[in-house]
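The values are calculated or read from the model by the stated rules, or taken from the named source; none is laboratory data. Since we're looking at a predicted model, the values are computed, not measured. Neighbour counts run over all protein chains shown; Cβ positions are idealised from the backbone, glycine included. What goes into the accessible areas is simple: the full protein's heavy atoms, side chains included, and nothing from ligands, DNA or RNA. Shrake-Rupley method; radii C 1.70, N 1.55, O 1.52, S 1.80 Å.
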Amino acid sequence: MNKSIAFAFCFVLSLGFEMKASNVTPLVPEQNDSVVVYVDKKPVFSKGGDEGLMEYIQNNLVYPSRAQRKNIHGRVLVSFVIKADGTVSDINVDRSDHPLLDAEAVKLVKKMPKWIPGEKDGKAVDTKYVLPFTFRLN
């Protein structure tokens, strides 16, 4: 790549943006069909947990060349469901700054390996998860 690229991931604060490991039951259960938002155990990236997820993203996310040429940068929030079997499904862009950036973030999430699923009451459950992707040119 001609330009150096910095990807800022706010994993400490954002990794469980909408999905939180919590023993607190919300006043109104936040479930959409069988997808759980609040779980007892959060899903874990199977290839090294949070550090492995950061490494996976840094090694596989490609800054679109058209976006580089046009000096397009921004943040994309991608939500998805980690199924009880660990597969990723129902990928959506929740926040977009540009379609080129969205497409790359979605492509990366689609290629993710299986996760260790979240748990509620000792059972693996479908869990909503949100990841931020920040595209920045230096």
Counting only other residues whose beta carbon sits under 10 Å from that of L100, what net charge do I get with K and R as +1, D and E as -1?
-1
With Cβ to Cβ distances under 10 Å as the rule, what net charge do the other residues near E119 carry (K, R +1; D, E -1)?
+2
Would you compute the Debye intensity of region 43-127 from its alpha-carbon atoms alone, equal scatterers and no solvent, and pass along log10 I(q)/I(0) at q = 0.15 Å⁻¹ to two decimals?
-0.59
Probe 1.4 Å, all protein chains present, accessible-area order of D121, D40, D94, largest first:
D121, D94, D40
Reachable lysines from K70, Cα under 28 Å, same-chain residues fewer than 8 places away excluded?
K3, K107, K110, K111
